[in-house]
Amino acid sequence: MLTLANFIDGEWRAPLGGAYLPNHEPATGEVYSQVPDSDGRDVDQAVAAARRAFPGWARTPAAERSQLLLDLAQRIEANLDRFAQAECVDTGKPLRLARALDIPRAAANFRYFATAILHTESECYRTDQLALNYVLRQPRGVAGLISPWNLPLYLLTWKIAPALATGNTAVAKPSELTPVTAHLLAELCQQVGLPPGVLNVVHGLGSKVGAALVTHPTVRTLSFTGGTRTGADIARNAAPLFKKMTLELGGKNPNVVFADCTFEETLAGSVRAAFENQGEICLCGSRLFVEEAIYPRFLERLVERAKALQVGDPLDPATDQGALISAAHREKVLGYLRLAVEEGGRILCGGGAPPLLPPRCQGGYYVAPTVIADLPVNCRVNQEEIFGPVVTVTPFRTETEVIEWANSTPYGLSASLWTGDLARAHRVAEQLDAGTVWINCWLLRDLRTPFGGTKQSGVGREGGDEALRFFTEPKTVCLKYATESPR
Ligand code: NAD
């Protein structure tokens with residue numbers, strides 16, 4: 001069985017407490033690896049290594065830092081199969097998706113920030129004939145990077161790449177449920193010759209490793225992606241220490257379909273938005289609003305498409321939907337399906353375990369793609385994040401009504417709208433309270449754009465210049481012109 005180690009100061013270290021956590025393969029329920037159950041002492045070691053490495057890494061010319069990160073990207077691409085296989089076994093997602101989305105995006109994250117730092121500029125202000133002010137943007141030191149299980153390598157590298165590119169060193173804490181790709185990444189760091197201590201990976205529970213990072217006095221920058229409740233805890237604990245943070249949290253995203261949309265494209269996009277990665281993407285369109293004129297036809301076709309999705313072994317290339325991350329998470333999702341019935345919902349397909357699973361997957365954590373109609377907009381199922389293969393569908397009459405409903409949850413991460421009317425598209429996009437609005441598409445990402453949420457979906461933005469600025473500290477230097485010539 002695979003036993004993972006922490007990666008600290010460029011070497012592999014067992015957790016100081018000697019304890020390990022069992023890691024289950026979601027598709028089978030079997031334990032397949034042991035994850036260090038690290039604690040504050042391991043975090044102390046990692047932070048100390050990152051602190052020692054910081055001055056040298058911060059002084060390393062941008063072109064050299066860039067080259068090392070490009071080497072990492074290239075090696076991830078060269079090891080696509082190995083990474084995708086690990087991601088698939090760790091998360092339960094289809095291998096096909098890990099190959100097409102997660103792993104290429106991890107490489108793209110490194111490529112993007114490795115090249116971005118070669119083209120930065122900073123501001124300069126002339127104060128009349130008196131002085132010149134310029135802004136230095138300097139790395140902040142040791143960054144603490146905490147990520148969730150749903151897109152493990154994709155989201156962790158979305159933090160590691162800008163942190164390292166801008167000259168910070170880092171301690172990364174992947175989710176304890178999906179540690180393997182972070183372990184493989186650490187192997188690549190050794191291979192490309194990343195200086196020891198620049199990136200450290202400490203595995204373990206959020207309550208121990210995550211909490212120790214959040215309150216560590218040397219960690220000045222925190223980048224967190226995960227649940228809203230955890231984000232609130234982190235904000236509470238880090239605020240008195242005046243740390244700079246971004247919190248990327250949950251979502252309950254509306255997907256608004258107007259009658260003048262291109263029907264088939266919208267249907268395909270809505271199915272993807274609802275069920276991609278078993279619905280375990282923070283950006284999933286889990287609340288579908290369809291204009292009355294096309295509601296019956298759209299609903300019928302949606303159910304047909306949901307039923308046709310192949311739920312099965314994530315390693316099978318024919319599988320569209322794999323297993324949920326854990327037994328506990330499956331229970332949470334099933335709990336919401338029971339609640340949906342109590343709240344007056346009509347389950348049109350799915351609603352429990354899929355009927356046919358291969359023998360290897362009998363102990364896996366599966367829920368079939370589920371479509372629910374007839375729920376009130378303000379019920380719990382329509383307001384709370386479920387994070388599973390579940391979509392609710394509601395007909396609407398007017399633009400005003402659907403905007404109000406779309407904005408009615410405590411979340412504001414993303415929204416999609418589908419229409420052939422350009423004026424309406426822009427008008428509605430402006431009024432949707434979300435960090436990202438997609439028009440006639442879903443999850444189309446340009447890494448230069450700001451990414452993040454409003455309301456309880458988070459604080460701060462990642463991506464592009466936002467990330468370069470987040471991981472650096474602006475310092476204003478004011479140079480007064482001489483008033484007399486030197487002798
Ligand atoms: P989670 O909040 O349970 O865990 C996220 C990470 O935080 C894990 O590494 C965990 O170990 C750690 N953690 C837990 N408690 C901690 C604590 N007290 N202090 C410090 N760290 C702690 O979330 P999850 O279940 O892994 O992920 C699913 C959630 O993530 C969903 O709500 C989803 O919407 C959200 N998410 C958001 C985005 C986004 O970009 N906004 C992206 C992906 C996932």
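The values are calculated or read from the model by the stated rules, or taken from the named source; none is laboratory data. Because the structure is predicted, anything quoted here is derived from the model rather than measured. Because the Cβ atoms are built from the backbone with ideal geometry, glycine has one as well, and the counts that use them run over all protein chains shown. The area values use the complete protein model at the heavy-atom level, side chains included, leaving out ligands, DNA and RNA. Shrake-Rupley method; radii C 1.70, N 1.55, O 1.52, S 1.80 Å.
Within region 186-203, the presence of a residue that is within 8 Å of the ligand (Cβ to nearest atom) and touching a Pro at 6+ places or on another chain (Cβ under 8 Å) is excluded. Of the strands (runs of 3 or more DSSP E) lying entirely inside region 3-60, not one contains at least 2 residues that are under 30 Å from Ile325 (Cα atoms), out of contact with any Leu (no Cβ under 6 Å at 6 or more places or on another chain) and free of Cβ contacts under 8 Å to residues at least 12 places away in the same chain. Listed conditions (1) surrounded by fewer than 24 Cβ atoms within 10 Å (Cβ to Cβ); (2) within 18 Å of the chain's Cα centre (by Cα); (3) within 23 Å of Ala78 (Cβ to Cβ) are all met by Gln190, apart from (2). Restricting attention to region 307-365 and to residues that are free of Cβ contacts under 8 Å to residues at least 12 places away in the same chain and within 27 Å of the chain's Cα centre (by Cα), the residue that is surrounded by the most Cβ atoms within 10 Å (Cβ to Cβ) turns out to be Gln310.
Scan region 116-145 for residues that are of a type outside the set (Ser, Thr, Tyr) and without any contact (Cβ under 8 Å) to a residue 60 or more places away in the chain and the total you get is 7. If the condition is being open to solvent by 30 Å² or more (accessible area, probe 1.4 Å), under 22 Å from the mean Cα position of the chain (by Cα) and more than 12 Å from the ligand (Cβ to nearest atom), then region 219-267 contributes Arg220, Lys244. Do we find that Val391 is within 26 Å of Glu248 (Cβ to Cβ) and assigned to a strand (DSSP E or B) in this structure? Judged against the criteria, Val391 is a match. For region 399-430, what are the residues that are within 16 Å of the ligand (Cβ to nearest atom) and open to solvent by 40 Å² or more (accessible area, probe 1.4 Å)? Matches in region 399-430: Pro410 only. Restricted to region 30-83, and to residues there that are closer than 30 Å to Arg96 by Cβ and open to solvent by less than 20 Å² (accessible area, probe 1.4 Å), the residue that is farthest from the chain's Cα centre (by Cα) is Ser33. Of the residues Phe387, Phe396, the single one that is open to solvent by less than 10 Å² (accessible area, probe 1.4 Å) and either in contact (Cβ under 8 Å) with a residue 60 or more places away in the chain or out of contact with any Gly (no Cβ under 9 Å at 6 or more places or on another chain) (or both) is Phe396.
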